[in-house]
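The values are calculated or read from the model by the stated rules, or taken from the named source; none is laboratory data. It should be emphasised that the depicted structure is a prediction, and the values quoted were computed from it without experimental measurement. All Cβ positions, even for glycine, are placed from backbone atoms using ideal geometry, and neighbour counts span all protein chains on display. Areas reflect the complete protein model, heavy atoms only, side chains present, ligands, DNA and RNA absent. Shrake-Rupley method; radii C 1.70, N 1.55, O 1.52, S 1.80 Å.
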Amino acid sequence: MMVCMALVQLMTPGLAFFYGGLVKDTSVLTMMMQSFVSMGVASIIWFLFGFSLCFGESLYFIGNPFTYFGLQGLNVNEALPDMSIPGLLFAGYQGMFAVITPALMTGAFADRFRFKPYLAFIALWLMFVYAPWCHWVWGGGWLAQWGVKDFAGGIVVHVTAGFSALASLIVVGKRQVSEEDLEDHDRPHNVPFVALGTAMLWFGWFGFNAGSALSTGSVAVGAAVNSEISASVALFLWLLIDWVRLGRPGLVGLCVGAIAGLATITPAAGFIQPWGAFILGFVATFFCYACCELRKRLGFDDALDVWGVHGMGGFMGTVLLGVLADPEECGSVEAAPKYCVNPGQVTAGIEQVGKQLVGATLAAVYSVVVTLVLLKAINLCMPLKPLRVDQGLDLTEHGETAYHSPVRQYIQEPKKGSEGDSVV
């Protein structure tokens, strides 16, 4: 579990490279800064009262912020109820989820968010969006008691972040560029960064999904293998779709496909068979790809398709969990056949599909509404959008540039110097 905690921590720098490579070269540091600073803000909140809000004594709507205030009551020798790992380790592991979730949103509003209001936004968002849903689904809240399942964050992480990202676009609007220049803004400035970020995210996702079993054993094995299958299927199918539509295979599309497959398998990773993971990878490709195209037709300027990949991928994976989970004979731990992945947890059925659909839909609606309120309130206190973006946010917000000497080639016709030498 300590290794899994480190793997999930690695995902946030991986996200920084992934998003940083996808934006233009004058915004790369801003994107990376927004991911890295979440490691500071989220971790401080998590230490003080964030963990208590999520996993403290239930006050129905939220956990008691004083149950584990400052991580008091947690130590390295005692486990929390129904767990076998030290309470402090569990808090550290779950804290990594709180770090990366708000950073996922940043890809949607690239080039449109000043740094100071961003800090206020992610702090408030963690308290009013992430913490309630974490408590309701993972912390023993009312959705968990009702039977809604989310193995590693389809609802808690991807749906909340994806639909909050969509809501942010309503407030910040489109990027301040002409339609002619928008294509240049959408062109990744550093594809190797995108590939590196994908590799780090994929590597860390094994800690994200398999680690959510909170122990070694059959459930962790199933979650790890299912994650690999879904990501690989989505990677290759997304590549094929781009090849057919664009006339050539692209590395960026391949990377986006892998992330879509990983996001979609997340809520179901430890509950389904490998064949179910294959189906989810297939569904993730066509469903998420269609959502990304729909977003364009609707006119939402989601720069890096956070809603289409994370929001809708997590949504679909959450719902299909009710279809692809193990059959009814796996419902009992004692009498379960050996092939069951996670006996006694969840079985397929129309009732479970309904519960999953309700949970995912409520998360989506709640995230949109609360995010709109938070951003409107913050915008009254300090403007969200920068006044100038012509020089890029890296320079105007942070006074730094990623590339001090842009590579430019000036080709001129040779001219004769005074002594007949060629001058270029």
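Details
- Two-decimal log10 I(q)/I(0) for segment 349-399, as the Debye equation yields it once each C-alpha is a single scatterer, q = 0.17, 0.29 Å⁻¹: -0.70, -0.97
- Structural size metrics of segment 176-286, computed from C-alpha coordinates, are Rg and Dmax of 15.9, 54 Å.
- Taking the C-alpha atoms only, the angle from helix 274-298 to the longest principal axis of the chain is near 50 degrees.
- For segment 162-290, accessible area per residue (1.4 Å probe, heavy atoms of protein chains only), Å²: 40 Å²
- With Cα atoms, 0 to 90° folded angle of helix 191-209 axis to the chain main axis: 10 degrees
- Built amide H within the under 5 Å cut-off of Ala79, gap 5+: Gly87
- Rounded if a/c under 1.5, otherwise prolate or oblate - segment 256-415, Cα gyration tensor axes: prolate
- Summary: within the chain, the longest segment free of chymotrypsin sites (Phe, Trp or Tyr not before Pro) located in DSSP loops with at most 15 other C-beta atoms within 10 Å is 67-338.
- Over the Cα atoms of segment 100-176, the radius of gyration divided by the Kirkwood radius equals 1.04; this is the Rg/Rh ratio.
- Stokes-Einstein D for segment 14-90, Kirkwood Rh over Cα pairs, 4 °C, 1.567 mPa s (µm²/s): 89 µm²/s
- Proximal charge balance of Ala360 [Cβ under 14 Å; K/R count +1, D/E count -1]: +1
- Measuring how big the chain is from its alpha-carbon positions, Rg and Dmax come out at 22.7, 96 Å.
- Listed residues Ile350, Ile155 arranged by accessible area, highest first, probe 1.4 Å: Ile350, Ile155
- Shape of segment 94-243, Cα gyration tensor, a/c cut at 1.5: oblate
- Percent breakdown of C-alpha pair distances by 5 Å bin, ordered from the shortest bin, for segment 203-264: 4, 21, 24, 17, 13, 9, 7, 4, 1, 0
- Helix-only [θ]222 nm of the chain, DSSP H runs n ≥ 4, -39500 (n - 2.57) each, per residue, nearest 500: -19000 deg cm²/dmol
- By average C-beta atoms within 10 angstrom, highest first, the peptides 81-88, 371-378: 371-378, 81-88
- Cα-based shape type of segment 235-318, given that a ≥ b ≥ c are square roots of the gyration tensor eigenvalues and the cut on a/c is 1.5: oblate
- Extreme residue, positive dipole direction of the chain, given options Ala260, Gly50, Gly14 (C-beta unit charges): Gly50
- Carbon/sulfur fraction of accessible area - the chain, other protein chains in place, 1.4 Å, %: 64 percent
- Among Arg114, Arg175, Arg248, residue whose mean-square fluctuation peaks in a GNM of the chain (springs only between Cα atoms under 10 Å): Arg248
- For segment 82-90, 3J(HN,Hα) computed residue by residue from phi via the Karplus equation (6.51, -1.76, 1.60; θ = phi - 60°) reads 6, 10, 10, 10, x, x, 5, 5, 4 Hz, glycine and proline entered as x.
- J(HN,Hα) series, segment 237-246, from Karplus relation 6.51 cos²θ - 1.76 cosθ + 1.60, nearest Hz, glycine and proline x: 5, 4, 4, 5, 4, 4, 4, 5, 6, 9
- Using the alpha-carbon positions of segment 1-150, Rg (one decimal) and Dmax (whole number) come out as 16.2, 49 Å.
- Accessible area per residue, Å², segment 299-399 with all protein chains present, probe 1.4 Å: 46 Å²
- Any cysteine of the chain lacking a neighbouring Cys Cβ under 4.7 Å - listed by number: Cys4, Cys255, Cys288, Cys291, Cys292, Cys381
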